[in-house]
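Every number in this text was worked out from the coordinates using simple rules, so none of it is lab data. On a predicted model such as this, the values are computed, not experimentally measured, just so you know. In this analysis, Cβ positions are derived from the backbone assuming ideal geometry, glycine residues included, and neighbour counts consider all displayed protein chains.
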Amino acid sequence: MHLAQAQSNRGRRGRKRDFPDAERLVKRLVARELTLSFVPDPEQRLWRTVTRRKYQLRRDHVRLQNQVESLLEEAHIKLSSLVSDLLGASARRMLKALAEGETNPAALAALADWKLRATPEQLCDALGACTDLKPVYRRLLKMALEQLQFLEQQMDQLDQELAGLLHPHQDAVQRLAEVPGLGVDSAQQIIAEVGPTAATFPSDKCLSSWVGACPGDDESAGVNYSHRSPKGNRHMRRILNQTANAAARTKGSIFDIVYRRSVPRLRHNQAIGAIAHRQCRLIWLILHQGVRYEERGPAVTKQSKQKRTARMIRQLRSLGYRIDPPNPQQPSPA
């Protein structure tokens with residue numbers, strides 16, 4: 001059974017006839033005139049199931065985090081205005097104590113880490129409403145924290161499951177994670193969508209067209225009427241949009257230079273689209289040809305490279321991958 005694109009099997013206008021249409025379909029298939037769609041193998045479909053389920057859990061996690069913040073605002077507790085991460089270590093300790101019945105703002109402020117920029121006086125002022133907080137708010141907060149913890153446990157289990165499934169392709173995950181803007185999680189999602197070697201796509205342009213990360217070409221008589229990108233794989237478009245925004249904020253990288261050079265002329269959205277297009281073609285090159293990424297940005301220092309490499313190695317080892325530290329005497333990759 002083959003899955004073909006409907007555009008390549010268009011017939012003459014008129015009434016639909018089943019038998020002649022089926023005969024035309026078979027003839028075009030034999031003549032190789034049909035454009036077949038990309039259907040991954042069962043193993044890759046399993047990877048996609050795990051990564052997309054994890055994405056759904058992450059969306060639920062963000063939704064619950066927003067509900068916790070809304071609940072605190074309704075209870076006149078302004079903790080989110082003082083901490084950068086409402087679910088960080090310091091904020092979690094304070095929220096847990098608040099849900100368990102703590103009514104002293106000074107005791108709650110003492111649970112904050114010493115690295116927190118907010119002073120104890122500011123925290124006491126933001127948590128002042130906890131003295132007469134109704135028990136209903138405490139119970140709702142406790143339920144939300146338990147749901148968040150359950151979602152985080154499920155996401156950790158899916159991380160370990162995906163790492164076990166992609167363990168034979170550990171080298172591909174590591175090579176993709178070295179690209180600025182990407183990480184171990186993004187690399188695993190990309191491999192689940194396009195495959196460990198991107199063998200289905202004969203060129204980087206084909207991959208960009210399939211993803212929908214290339215500019216449109218609605219041109220007639222030498223006049224281009226639209227640069228809108230075509231519809232493609234929405235999961236890959238989402239991943240590339242996130243990685244392109246992260247790469248544009250990576251100081252000293254080539255993507256930072258491209259963004260600063262393009263944003264005055266193209267504005268933010270189109271500049272991010274241009275970076276996503278570059279990253280898509282780079283992903284095909286890394287997976288299809290087995291090369292490694294080498295940063296050539298002018299402001300990248302040896303210390304920043306070592307920090308990013310160490311962080312990536314720690315993340316890979318936490319997922320069960322066996323990673324050897326790089327040899328400083330070994331020559332850099334091409």
Ranked by how many other beta carbons lie within 10 Å on average, peptides 75-82, 316-323 from highest: 75-82, 316-323
Cα pair distances of the range 166-295 binned at 5 Å [whole percent]: 2, 11, 21, 23, 20, 13, 6, 3, 1, 0, 0
Note, ³J(HN,Hα) from phi for the range 62-71, Karplus 6.51, -1.76, 1.60, rounded to Hz, x at Gly and Pro: 5, 4, 5, 4, 5, 5, 5, 5, 5, 5
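Go ahead and run the numbers for FRET between residue 131 and residue 155, Cβ-Cβ distance against an R0 of 45 Å, rounding to 0.05.
Numbers: r = 35 Å, r/R0 = 0.79.
E between residue 131 and residue 155, to the nearest 0.05, is 0.80.
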Amide H partners (placed H, <5 Å) of residue 4, local residues excluded: 37
Roughly speaking, what is the centre-to-centre gap between the range 104-134 and the range 2-25 when only Cα atoms are used, to the nearest Å? 69 Å
Can you work out the Karplus-derived ³J(HN,Hα) for every residue in the range 190-195? Use 6.51 cos²θ - 1.76 cosθ + 1.60 with θ = phi - 60°, whole Hz, and x for glycine or proline. 5, 5, 5, 8, 10, x
Ratio of Rg to Rh for the range 46-163, alpha carbon only, Kirkwood? 1.05
Rounded, prolate or oblate: which fits the chain when a ≥ b ≥ c are the square roots of the eigenvalues of the alpha-carbon gyration tensor, with rounded for a/c under 1.5 and prolate only if a/b beats b/c? prolate
Would you kindly derive the ³J(HN,Hα) couplings of the range 130-141 from the backbone phi angles with the Karplus curve 6.51 cos²θ - 1.76 cosθ + 1.60 (θ = phi - 60°), listing them in order in whole Hz, with x for Gly and Pro? 6, 5, 10, 6, 5, x, 5, 5, 5, 5, 5, 5
Number of Lys pairs in the range 46-163 closer than 28 Å at Cα, excluding neighbours under 8 places apart unless interchain, is 11
Please list, in chain and number order, the residues 5+ apart from residue 104 or on another chain whose amide H is under 5 Å from its amide H, with Hs placed from the backbone. none
Kindly rank 86-95, 306-315, 113-122 from highest to lowest mean number of other beta carbons found within 10 Å of each residue. 86-95, 306-315, 113-122
Quote the FRET efficiency, to the nearest 0.05, computed for residue 58 versus residue 15 with a Förster distance R0 of 41 Å and r equal to the Cβ-Cβ distance. 0.25
Given points 7 Å out from each Cα along the Cα-Cβ axis, report the residue 74 to residue 1 separation in nanometres with one decimal. 4.7 nm
Identify all lysines with a Cα-Cα distance to residue 231 below 20 Å; exclude those on the same chain that are fewer than 8 residues away in sequence. 205
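Grab the Cα-Cα distance for residue 24 and residue 249, subtract it from 0.36 nm times how many residues apart they are, and report the gain in nm with one decimal. Don't skip to the answer; put the middle values down first.
Numbers: separation 225, 0.36 × 225 = 81.00 nm, distance 5.21 nm.
Contour length minus the Cα-Cα distance gives 75.8 nm.
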